[in-house]
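A short write-up of the structure that comes next.
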């Protein structure tokens, strides 16, 4: 049993962390912080917790939380995590940071896309928290940079192809669609029900900040620099990301061979499911679970391979993956406390 | 560990039973039947099960299932359950029937609303499966008639008031709103996405078949015959029922006193939550959980009490309650395997 | 051709006014004001207007707008309209006010529910803008108080019954459900997509500010003081209000007789449709149109009559009705520029 | 005033035709056929028509309809239109066919994707009904093959680029997302509310029947054979198609230059709007209107151009475009009777 603190716990990501942690058999949540809701019971801000936890949001300092908790999740905006993570690490605590602050290995790249980095010296300690690629390093580190939601779906969708050199890395196009919870709980016109329901749009075309994170990991897989076209879209659903990914094949292959490649690559993975050849995932099959579902086919007419990868953006794309990382870092069974069956319908 | 069979497992109710049973620590699912999908893996009909169960739908006879299973859930249309339940009971199995066939104590009433009853002699063995009212009888029976979804919300919403004689029973009006999964998975125009999304309507006004079931239970609580106005509506959501219930107070009371009455009545109940005075439930707080959330207030201007009760129609309104009944009938802890935190957002 | 100004044109109600006015053959829109978006083209704030209007929001004073426009719509928050309406009236302009400021005939009642009224002397000039009840007065006035959205559905739903003395006025219960656009375009957590989609809730139970407005009109119809129970709910749809209304019959009647009563009462009305006996409206049939659809039945078992009334809250419940009033006040054909066929699916 | 018949009028496409024709000032609808609903008033099948039309569905033969109508819309399944269109043409009537039967110039191509073609001799008379490309031919023909919904969005999205030789035609990838009405009104599990809401999926990846139609038109524009990757997806909305299209630039260009290219190409078009540089369309801005909205940008990092095109699939993608074609064929003003402002929110 470890004592866990959630720093920045009142957004959707923080709420999801609490939801999963309250049901996790190996942890006790000892702190959840929120400036906005300090003093308010979690169950008042989120009535789903009524009767299930007496936790009250506090505005405790990092030092206070470090004094109480063994393990800390940072669910803070980028630019803030980089200030707080070092406090916890110096105190000997383990940290999973859900912001972008420690995902990019190159501080200059961070500064080009996000702004000034005030903790570049900590970057070296951070491990990119995609267990399917970095499980061994995650096991040993005290600081995990939890991947972004779009990157999780795209990197898992492409890893077998880049690793096997099946595709031309310069040909990758990722057309991604995300539910609205990805925009967080801040009140803004663009996230209102009336603006979203019945609509659909692309946004930040060619300029989304997850681009360098995706390219960093794809480049490492390809062992050469990769640049991709990445277009995020806003789906009128609450949860879920589905990425449709296109690449030009560098060799001949059938749909079945492609499926076999994926099955082999993810053979031991507890949270990646590869669809039968000719089948593709539906968001409905992953929403509420920690799975990434992937379908793949070959379009012989054009010589392209098409991959569809789906996750719950708040679970495998954020809080579930964070707990998966905690499980690995803490020596728990990796599946512990993580939901597997989606809520359907 | 008991062996469980789900008879009629391919509709939404059957799927939800399987979803909950697959994660239940005290049971093994040994059979799931479906005429339509006989021979097809459950995970093909419902991809949420991929990687989680190898179960294949069969069209096994009741006798065959009785030979394999200790406990049977019947998720069949009304009129069919009454044929099959006796087979299982004669074989010494325990049964929870999710149809309407054994809910009405009076076969004549059944025939007035549903059609001919071919097993009236079995009615006497059946216990109405609302644990909050009949826990002791449920513990001892081999046949539970699992309550309807609308009745669950309305009876739980009114029990404290009728039991305490706070209201005039002839004044009750229940305005209920249900998600679309209540209509099942049969393809029909009225359940198409394009017909439902963005719409809202009342249906079967003054004539819904759940009326006699509701009135039977309210009459038993009031110890006199009760007739109510009941209007179901179709909500553009997948899951959930919210009933807004009006009654004329037979005594003076404040909102706080009404809340206290409910809190006291449901003090020991694991799956009923009473909102703070002035607060009312949102479907979002119960969808995905087995809770019934209830809020109550007094409208001094009109002398009426207003109760709002919310459940997930597929869980507390059907499959979750069925498993709650199984837990009671089998001597398991009542909460075992039942979800408590809703999936939000 | 008249020159029209929309004062407060950047919320959903203002947008809907502009949408309808841009297509209205008898008017030219000469001004649309917005503090927040002053200087911004309407088509940038609402891209539906791209290519259709060059109108730019201004923060012109009432005096300036009075100098340019013959007819003014006030789409302002309550408390603000009461300051501005007198300016336009003194300048000899005609005004339809969409706020609550001039709906209640009794300033004391206004102050009990809303706050201080600074223009009580103007109340006497205002006509309640429900054409089905006040067409003649509307024709002659220079100030129309456009009805609230909930009141429109409930008053139209009850007028034939109260007028004919068919029901006990003290028995009325109105259970209303509204789409999210009723909450306006202000960013707030409760209106976010993730908070609304998949959910449903009652709000302001027994305390909504539309109550006195509804009761004022029902009392005038009944020629005695009427108090009702009114519960608004938030529907996960963008547009539409559906009110389910219950009352105890003061006489015997069949469903067909009730339908005939409604058909007769609304025989000449261009924007009220009465469903065939046994049929009830769906929001889908009115969203996008200026119709109010009404269905009615008698529940013999309980002696109650049940009425279901549906409107588009932004059209018949606000901007469409405002234009219907403008048409009457300006001597245009009443249907001019008003949409009749809903957008379905 | 012309007399119009709608052959196959009870699906969503037929309903939309009737909705638009009922409000069209130059036509009278003299017949609407439906086998399923023969003898039933249109207003009973679709209550949006209550009070607006007395039309009753008939199962009149083509010959009967040809005897009454000057102009016929065929809203029939593919394979059926090809039988009926010749009857009308031989009778000297003008026809817009909304099926796929006359869209492909090459009968062999039709047979490879759809099945046997029984009227290949009629293919030569048909004009592909995209007014932006074929206005002059449409004006003169008696048979228009109305484009598919996906093709409309993709061809309009690419025409300026192919026409100007700005892109490498072999590099085109079209990732399209469609609302559920595209699947029609036939009851099927995949179109149920509970299967669609909250979900999202790709379907017919690499094998959708609109592929040859798209490629035929792109090839004509490029004056060389073009093959594209095309992936349709099912969006949880009722109406609308948004296509995100990627291609490799064959020359240097800025986003502004690309926007200017589109503005110039569509300068005179009444139903194409090009967004300002850096802006992209939202389905919400076109749903309910006949517009195609297009946004375009250049991704310098990858040398690709990204185009986003949005339409209402039932209007510009089907029935609205059909009426636009009728207007052209009949010498009416092209915009007559076609909605321009979307219904928002």
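Of the residues A:132, A:186, A:64, the one that moves most in a GNM of chain A with alpha-carbon contacts below 10 Å is A:186. In this label model, residue B:220 and residue B:91 are separated by 2.8 nm, measuring between points 7 Å along each Cα→Cβ vector. Each peptide in C:21-32, A:327-338 gets a packing score, the mean of other Cβ atoms within 10 Å over its residues, and the list from highest to lowest is C:21-32, A:327-338. For the stretch C:225-345, the alpha carbon positions stretch 45, 35, 34 Å along the principal axes, listed from largest to smallest. Pair-distance distribution P(r) for the stretch C:150-314, from all Cα-Cα distances in 10 Å bins starting at 0: 11, 39, 35, 12, 2 percent.
Inter-chain neighbour count for A:282-290: the average number of beta-carbon atoms from partner chains within 10 Å of each residue's beta-carbon is 6.
Helix A:255-265 and the longest principal axis of the Cα set of chain A meet at an angle near 40°.
A point 7 Å from Cα along Cα→Cβ stands in for residue D:77, and the other copies hold the same point at 2.4, 5.5, 5.7 nm, listed in rising order. Pick from C:259, C:53, C:211 the residue whose mean-square fluctuation is largest in a GNM of chain C, springs joining Cα atoms under 10 Å. Looking only at C:259, C:53, C:211, the biggest GNM fluctuation is shown by C:53. With the label put 7 angstrom out from Cα along the Cα-to-Cβ vector, residue A:336 ends up 2.3, 7.5, 7.5 nm from the copy partners, going from closest to farthest. The share of C-alpha pairs in the stretch A:229-270 whose separation exceeds 11 Å stands at 77 percent.
Based on DSSP, what percent of beta bridges with both residues in the protein assembly as shown are antiparallel, to the nearest 5?
The answer is about 50 percent antiparallel.
Relative to the longest principal axis of the Cα atoms of chain B, helix B:149-163 runs at roughly 40 degrees. By how many degrees, between 0 and 90 and to the nearest 10, does the Cα long axis of helix C:320-330 differ from the longest principal axis of chain C? The helix C:320-330 is inclined about 70 degrees to chain C. Among beta bridges identified by DSSP and lying wholly in the stretch D:150-313, the antiparallel ones come to about 75 percent. Residues A:299, D:97, arranged from fewest to most other Cβ atoms within 10 angstrom of their Cβ, appear as A:299, D:97.
The distance from the alpha carbon centre of the stretch C:223-277 to that of the stretch D:1-68 is 31 Å, rounded to a whole number.
By the beta-carbon count within 10 Å of each Cβ, the least crowded to most crowded order of D:55, A:234, fewest first, is D:55, A:234. Taking one quarter of the surface of the C-alpha convex hull of the protein assembly as shown gives a mean projected area of 49.1 nm².
Peptides D:33-43, D:214-224, D:285-295 ranked from most to least packed give D:285-295, D:214-224, D:33-43, packing being the mean of other C-beta atoms within 10 angstrom over each peptide's residues. Counting only DSSP H runs of at least 4 residues, each contributing -39500 (n - 2.57), and dividing by the residue count of chain C, the helix-based mean residue ellipticity at 222 nm comes to -8500 deg cm²/dmol. Across peptide A:298-304, the average count of Cβ atoms from other chains found within 10 Å of a residue's Cβ is 5.
As a length-normalised measure over Cα pairs under 8 Å and 6 or more apart, the relative contact order of the stretch B:149-313 settles at 30 percent. Where the alpha-carbon atoms of the stretch A:2-125 are placed on the principal axes, they occupy 47, 27, 23 Å, in descending order. Once the C-beta distance of residue B:188 and residue C:64 is scaled by a Förster radius of 56 Å, the resulting FRET efficiency is 0.45 to the nearest 0.05.
Each of residue B:250 and residue C:276 was given a label point 7 Å from its Cα along the Cα-to-Cβ line. The distance between the two points is 4.3 nm.
Available extension along the chain between residue D:80 and residue D:170 is 29.0 nm, counting 0.36 nm per residue and deducting the alpha carbon span. Determine the relative contact order of the stretch D:1-146: mean sequence separation of Cα pairs under 8 Å and six or more apart, normalised by residue count, in whole percent. Reported relative contact order: 20 percent. Taking the inverse of the mean reciprocal distance over all distinct Cα pairs, the Kirkwood hydrodynamic radius of the stretch C:258-308 comes to 11.6 Å.
Could you state the number of Å between the C-alpha centres of the stretch D:105-123 and the stretch D:311-330? So the two Cα centres are separated by 24 Å. Closest approach of a chain B Cβ to the axis relating B and A (residue, whole Å): B:343, 3.
Per residue, the average separation of C-alpha pairs within less than 8 Å and at least 6 apart gives chain B a relative contact order of 17 percent. Each copy carries a label point for residue C:124 at 7 Å from Cα toward Cβ; from one copy, the others' points are 7.9, 8.5, 8.6 nm away, ordered from shortest.
Using packing as a proxy for protection, rank D:195-205, C:76-86 so that the peptide with the highest average count of other Cβ atoms within 10 Å comes first.
So the order, starting with the most tightly packed, is D:195-205, C:76-86.
The calculated Kirkwood hydrodynamic radius for chain B is 20.4 Å, given to one decimal from all distinct C-alpha pairs.
Across peptide D:179-185, the mean count of Cβ atoms from other chains lying within 10 Å of each residue's own Cβ comes to 4.
Readers should treat all values here as calculations from the given coordinates under stated rules, not as data from a laboratory. Only a predicted model underlies this, so the values are computations on that prediction, with no experimental measurement involved. FYI the Cβ positions are ideal-geometry reconstructions off the backbone, even for glycines, and counts take in every protein chain you see.
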